[in-house]
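What follows is a set of notes on a single structure, which appears directly below.
Please treat every number below as a calculation from the coordinates, not as lab data. None of these values were measured; they are calculated from a predicted model. FYI the Cβ positions are ideal-geometry reconstructions off the backbone, even for glycines, and counts take in every protein chain you see.
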Amino acid sequence: MAEREVINLTAVKRDPTFGDRLIPAAGQQLSTCIQCGTCTASCPSAAAMDITPRKMWRMVQLGLVDEVLHSKSMWLCSICYQCQARCPSGIPLTETIAKLKQLAIQQQVKEWRTSTTFYLAFSSVMRRYGRMREMEFMAQYFLSNNPLDALGYAGMGWTMLRRGKLRPELPKLTGPGRLDKLFDRVAELEGKR
Amino acid sequence: MKYLYYPGCSMEATALEYKSSMYAALEALGAEVEELEDWTCCGASVAPVMSDLLGQALPARNLALAEKLDGNRQIVVGCSACFTSFQRTIAAAKDRAVLARINQALEVENLTYQGKVQVRHLLDVLITDFGPQKIAAQVKKPLDGLTVAPYYGCQTVRPYGTFDDPQYPTSMARVLEALGAKVHHHLREAACCGTALLTTKPDVGLISVGQILDVAQPADCIATVCPMCHMNLDSYQDKASKAMGKKLSIPVLFLPQLLGLAFGLPAGELMFKRHVVPVEPVLARLNVA
């Protein structure tokens, strides 16, 4: 068995408001987490995480912001809602993970770039065209990570092109984007401009 | 019955066969379906990660378009991720402060969302509005001798799919039985397909796909009701075989394609040639040319 990691709570920086800042809707409190571990037992990705879901929520309760935001765990969430559906305390865990990702992207956490660039590339294509364009999205994603990774998908991409599942479309990189106005308005309302 | 239809990005591109077969099947059942004009992306699981308000404003834009057209007509969606985006927004907008803020954002699109229009998943429409009897009544070529493994995925039934059990759903099995197919039940019917992990963390995602394919293998094919699930299960079988260390191969069909086969609809509308894993073994078993 691996040696148990001990976190000295008096020696680390903590933010007791962390949990409150994350919870998406009023009246739902992470503090009601009873550490039963149903979330970890239900998570299809738990085995690959550096911090299991149960432990991560405890760390959130304790306000260990840096440790949680720099962990790989949130990026392994496939949004299957199993933990949320089964949580005996009724905490919207899956939707709270979206908030963790928000904070990690805002704080430009560097460790998990392959995941954060996925969100940023998707968002930029959505903003420009109003609808997803898979080929442009994947091109942007691979170019902002390791372009050589794309080679691993070349065979599959070729098959999908031949079957007509992927449509090559010329990118439209100038002029206003289809959802620029809405994106800008949202940013303005959230005080990000 | 009349519905507004929100295709979403995938059903216009990678999953065009889902859209085409859904239209054909619903029409055969006597439904009138009209596509929502000027729709835009629901934001998927990405917009809520960019910001709370963006995650609500993008789905709400489409809900507002539907309400402007006809507030009484329900929206039907085939994509479980779109379904979840809409339901998440509908739930959040019950808070009047949230609704007001969404509408402040929608001002730039000259739209107002009232929180009235209802959104239904295709599977819900099939099992609730039509049901096994009406579906069976349209069957011209029963799927005799075909064994199908239902695969619901996550977001079809969790957390907003109140039409079925979130852990052990049965609605697809009841539709398949109405078509004359034999149902192969397995332990991963509502397990996760790995979603975007197939791209960002393939070592983890491929195991999710491989485990589903593995338990579904005794069937002739898998039936899905989500473009994302279909993409992952159909396109990654070679990679999943390598990850699992065993050969995994099984055709993956969209549920309305199976409805189409049983209703005797033209193969052209069901678009089987678009699949990565060939569907021919399924067609051969049913003696369809």
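Which whole number of Å³ per residue matches the convex hull of the alpha-carbon atoms in chain A?
176
Rounded to whole Å, give me the distance from the Cα center of segment B:117-179 to that of segment A:157-191.
So the two Cα centres are separated by 33 Å.
Can you bin segment A:18-106 into rounded, prolate or oblate? Criterion: square roots of the alpha carbon gyration tensor eigenvalues sorted a ≥ b ≥ c, rounded for a/c under 1.5, prolate for a/b above b/c, oblate for the rest.
rounded
Using helices alone, I'd like the mean residue ellipticity at 222 nm for chain B: each DSSP H run of four-plus residues gives -39500 (n - 2.57), total over residue count, nearest 500.
-13000 deg cm²/dmol
Sequence neighbours fewer than 8 away in the same chain don't count; with that in mind, list the aspartates and glutamates whose C-alpha is under 20 Å from A:K101.
Of all the aspartates and glutamates, those that pass the test against A:K101 - Cα under 20 Å, at least 8 places apart if same chain - are A:D15, A:D20, A:D50, A:D66, A:E67, A:E111, A:E190, B:D52.
Go through segment B:61-111 and name the trypsin sites (Lys or Arg not before Pro) that are in a DSSP coil and have 10 or fewer other Cβ atoms within 10 Å of their Cβ.
The qualifying sites are B:K94.
Using only the Cα atoms of segment B:167-222, build the gyration tensor, take square roots of its eigenvalues as a ≥ b ≥ c, and label the shape rounded, prolate or oblate: rounded if a/c is under 1.5, else prolate if a/b is larger than b/c, else oblate.
The shape class here is prolate.
Hey, what D do you get for chain B in µm²/s if you plug the Kirkwood alpha-carbon radius into Stokes-Einstein at 37 °C and 0.692 mPa s?
Value of D from the Cα-based Kirkwood radius: 170 µm²/s.
If you place +1 on the Cβ of every Lys and Arg and -1 on the Cβ of every Asp and Glu, how big does the dipole about the Cα centre of the protein assembly as shown come out, in debye to the nearest 20?
So the magnitude is around 460 debye.
For segment B:2-121, give the share of DSSP beta bridges that are antiparallel, in percent and rounded to the nearest 5; count only bridges with both residues there.
Antiparallel: roughly 0 percent of the beta bridges in segment B:2-121.
Check the straight Cα-Cα distances from B:K2 and name the lysines below 27 Å, setting aside those fewer than 8 residues away within the same chain.
Cα-Cα hits under 27 Å: B:K19, B:K68, B:K94, B:K116, B:K134, B:K140, B:K141.
What's the longest uninterrupted piece of chain A once you rule out the GluC sites (Glu not before Pro) that are loop residues per DSSP with at most 15 other Cβ within 10 Å?
Counting only loop sites that pass the neighbour cut-off, the longest clear stretch is A:6-110.
Give me the percent relative contact order of segment B:130-271, please, defined on Cα pairs under 8 angstrom at least 6 residues apart.
For segment B:130-271, the relative contact order is 28 percent.
Let me have the relative contact order for chain A, percent, based on Cα pairs under 8 Å that are six or more residues apart.
Reported as a whole number, the value is 17 percent.
For segment B:234-289 and segment A:87-154, what is the separation of their C-alpha centers, rounded to whole Å?
30
Mind listing which chymotrypsin sites (Phe, Trp or Tyr not before Pro) in segment A:100-134 are in a DSSP loop and have 10 or fewer other Cβ atoms within 10 Å?
Within segment A:100-134, no chymotrypsin sites (Phe, Trp or Tyr not before Pro) qualify (loop, at most 10 other Cβ atoms within 10 Å).
Can you sort B:H184, B:H230 so the residue with the fewest Cβ neighbours within 10 Å comes first?
B:H184, B:H230
Assuming a ≥ b ≥ c are the square roots of the Cα gyration tensor eigenvalues, decide whether segment B:144-289 counts as rounded (a/c under 1.5), prolate (otherwise, with a/b larger than b/c) or oblate.
Verdict is oblate for segment B:144-289.
Quick one: compute the contact order of segment B:1-152, relative version, from alpha carbon pairs under 8 angstrom and 6+ residues apart, as a percent.
With pairs under 8 Å counted, the relative contact order is 25 percent.
How large is log10 of I(q)/I(0) for segment A:113-189 at q = 0.17, 0.18 Å⁻¹ when the intensity is taken from the Debye formula with one equal scatterer per alpha-carbon?
-0.74, -0.81
May I ask you to list the lysines whose Cα is less than 30 Å away from that of B:K247, ignoring any residue fewer than eight positions away on the same chain?
Once the sequence-local lysines are set aside, what remains near B:K247 is A:K165, B:K182, B:K201, B:K239, B:K273.
Restricting attention to segment B:191-289, which trypsin sites (Lys or Arg not before Pro) occupy a DSSP loop and are surrounded by at most 12 other Cβ atoms within 10 Å?
Passing sites in segment B:191-289 are B:K246, B:K247.
Once the convex hull of the C-alpha atoms of the protein assembly as shown is built, how many Å³ does it hold per residue, rounded to a whole number?
Normalising the Cα hull of the protein assembly as shown by residue number yields 150 Å³.
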